Structure formats: C-alpha cells, structure tokens
Amino acid sequence: MATYPHGLRCRLVRSPEATPSGRHVLGRVAFLGHHSAPAVRAGASEIGIHLVGAEVERVTEVWETDSPVVSGMYQDLAYAHDGEYLFCAGQVPEGGSYREPVRNAYRAAFDLIGKLDYPHVMRIWHFIGDINRANADGMEIYRDFCLGRAEAVDHHLGRAGDMPAATGIGALGGGISWYLLASRSGRVRNLENPLQVPAPSYPHLYGPRPPKFARATSFSPPGIDGAGDLFVAGTASILGHETVHAGDIAKQCDVTLGNMAMVMSRENLLAHGIDDGRTLKDLRFVKVYVRRAEDLPVVRAACAAAFSDTAEIVYFTVDICRSDLLVEIEGIAPYPRS
Ligand SMILES: C=C(O[C@@H]1C=C(C(=O)O)C=C[C@H]1O)C(=O)O
C-alpha cells in the first residue's frame, strides 16, 4: 500500500497464497460464510466475519508490514504489532443487549492500545449482526451498539474526544465482529464532510447516543507531508443528518459517491489544513455494501464508472445502519498516489 520506512500495506486476496518475502502479516480479515473467533494464527491476528453466502467468492483482507511482528491475545482480542503499527480484532457474542459488552470490548481495546503504546487509532470497522432488529429491550441493535461505544469513548477520551474513520455495517451472523489499526508515531487527522453533519453531532432522532466516528482519516507517518493514506469511512446517502432518496438506488449511489468525492477533495483537505487533494480515482481498496441483492447491477455500474480500473472493489449484500439506506461505500486512497 505504501513505501514508508515502516510500510503498512493492504491486499485483498481471493485465494490462499504465501506472504511475499520480506513482508510480515499483522492481520487477516476473512469474509466468510460463518464467523470465526479472533485468534493468533501463524503469528498473525486473524478474524473470520460472516459476510458472504456460501455461494459467493470469499475474500481475505490482509494487512502486512515489512518489520517482524509480535502477536498475542489480550482479553479475547487478537493482536499483532511491529513497533510502528498495531492490528487488533475482537468479537462480541450474540446477546440480548450490546451496550455493556461493547463498552467492555472498547475498554479492552483502549487498554491494549495504552499498554502497547499505539495511541493513534487510524481506522476501525464493525460488523453488526441483525443491525436493524430490536434488542431484548426493544432498542435497535445499531443504537444499542452506539450507546456502548459512546460510553467507552467518553470514559477514555472525554466527551469531546474524536474517533477515526469507521464502518458500522450489518453482518450475516449474529454478534459484533470488529477490528482496528493504530500507529505509534504517525500523525492521525480526522476529517469531516461539509455536506454532512458530523456523526457525533447527529440529533437524538437517531438514537440516545450518536455514532462516534469521523468521515475520513488522514494518516501520515513521520516525514510524509500531505494526507498520507486517506481512509474514507463507510459513506451513504445522507445529507446534513438526513437520509435522502429513500427507495431510489441510483440516486443513493450518486449522493454516496458525491459525499466520498467531497471528503477527499482538495477543497476539504485544505479546509482541514492539509495541502493535498484526492479523487475517487485514487481509491484502491473499496468495499461496497448493498442491502438488496437485486440492486447489485445498478451499484456495480455506478462504481465501475466512478472508480479506477485498477481499484480492488468487493461487494457484500448486508443490512446498513439505517433501514432506509440501500448502499454504503468505503475506501482507502493510499500514499503515494499512483
Ligand atoms: C453511514 C453512516 O454510518 C455508518 C456507521 C458507522 C459507525 O457507526 O461506526 C460508520 C460509518 C458507516 O458505516 C452514516 O452515519 O453516515
């Protein structure tokens, strides 16, 4: 992905293959037909997330570095680190309420980050089973998750503390599977999108505590100017704080892509004090989440037109955090630009 002194790189692997020589695997995220618990395997942290049906091509996201890795388990979290980067994965089992277990899982992760000294979290992903269903108390599971996360963030960062780019999306299996990337000495800058209300400021309409995440995160290792790697959060058809074009997949694609283009744009990076600018064509690793399988052809056509031919794009059919959202897209525009 990048050519830093300590290079962190993402690859999407469609069939098992050997790690290139001189590289070391920090984390493997396998998108499977079933969940598999976080574990250390062959020296790397590994998690399996139930995101595809048995008939669909499976894909594994591999996070590699060029420095040797130390791995281990900490309170059910599987982690690996190389002195500059930390990868950590966890799973909250299926249950009637997620507030407390999510708070505890986040606390364990904050503890680990502190203990190992990787204070700069640059990206976090959550895959939430039954995301739009009610929990045992009648609260939507996504809102229940947001409550536990907000309480953990308050506790560790204070109410004003900001979190990096994230994804909070459905999964086919139950419970919550999640993973994060953090750095020891790199610079993390969290970005907002002028077209959207910052998620932590969403009104109570969407749940008792808002989602804590940034629209994008710029990660620059020491000595790298500009945006470095740009992680674009899961993005959907939301303007201000409202879903727009309920029921219209083509228009939801347009708004989603427009939001992504805006957050990466030179205008927006400059507004955040970063002298750089990216376009949708700079995205290399793109995950696309589509609620209804029948919408896939329209979404694929929109993505093929928007992204570069060399982008790796994977599609998943899963639910999205608001029941009126039909599509969500995330991506990484790595440094250096190609
Ligand atoms: C699509 C949105 O939110 C989704 C939920 C997220 C979360 O809760 O971490 C992060 C990004 C998206 O996956 C949005 O609010 O715009």
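Numbers below:
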| item | result |
| --- | --- |
| Prolate/oblate/rounded call for the chain, Cα gyration tensor, a/c under 1.5 rounded | rounded |
| Ranked by how many other beta carbons lie within 10 Å on average, peptides 244-250, 159-165 from highest | 159-165, 244-250 |
| Accessible area in square angstrom per residue, segment 2-333, 1.4 angstrom probe | 38 |
| For the chain, size of Cβ-based charge dipole, Lys and Arg +1, Asp and Glu -1, in debye | 280 |
| Residues of type aspartates and glutamates that residue 281 reaches as a straight line, Cα spacing below 16 Å, ignoring anything fewer than 8 places off in the same chain | 229, 254, 309, 312, 330 |
| Listed peptides 301-308, 193-200 by packing density, highest first (mean Cβ within 10 Å) | 193-200, 301-308 |
| At least 18 Å along the helix axis (C-alpha) and Kyte average at least -0.5, DSSP helices within the chain | 99-116, 141-157, 249-264 |
| Whole-Hz ³J(HN,Hα) from phi, Karplus 6.51 cos²θ - 1.76 cosθ + 1.60, for segment 23-40, glycine and proline x | 10, 10, 8, 8, x, 10, 10, 9, 8, 10, x, 7, 7, 9, 5, x, 7, 9 |
| Trypsin sites (Lys or Arg not before Pro) within segment 246-338, DSSP loop, no more than 15 other Cβ atoms inside 10 Å | 292, 337 |
| Eligible lysines near residue 287 by straight Cα distance, threshold 24 Å, same-chain separation 8 or greater | 212, 251 |
| Percent accessible area from carbon and sulfur atoms, the chain, protein chains only, probe 1.4 Å | 52 |
| Highest-fluctuation residue, 252, 91, 75 considered, GNM on the chain with Cα pairs under 10 Å | 75 |
| Segment residue 134-residue 296, extension gain: residue separation times 0.36 nm, minus the distance between their alpha carbons | 55.6 nm |
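The values are calculated or read from the model by the stated rules, or taken from the named source; none is laboratory data. Bear in mind that the values here come from a model prediction, so they are computed numbers and not experimental data. No Cβ is skipped: glycine too gets one built from the backbone with ideal geometry, and neighbour counts run over all protein chains shown. These area figures cover heavy atoms from the full protein model, side chains too; ligands, DNA and RNA do not enter into them. Shrake-Rupley method; radii C 1.70, N 1.55, O 1.52, S 1.80 Å.
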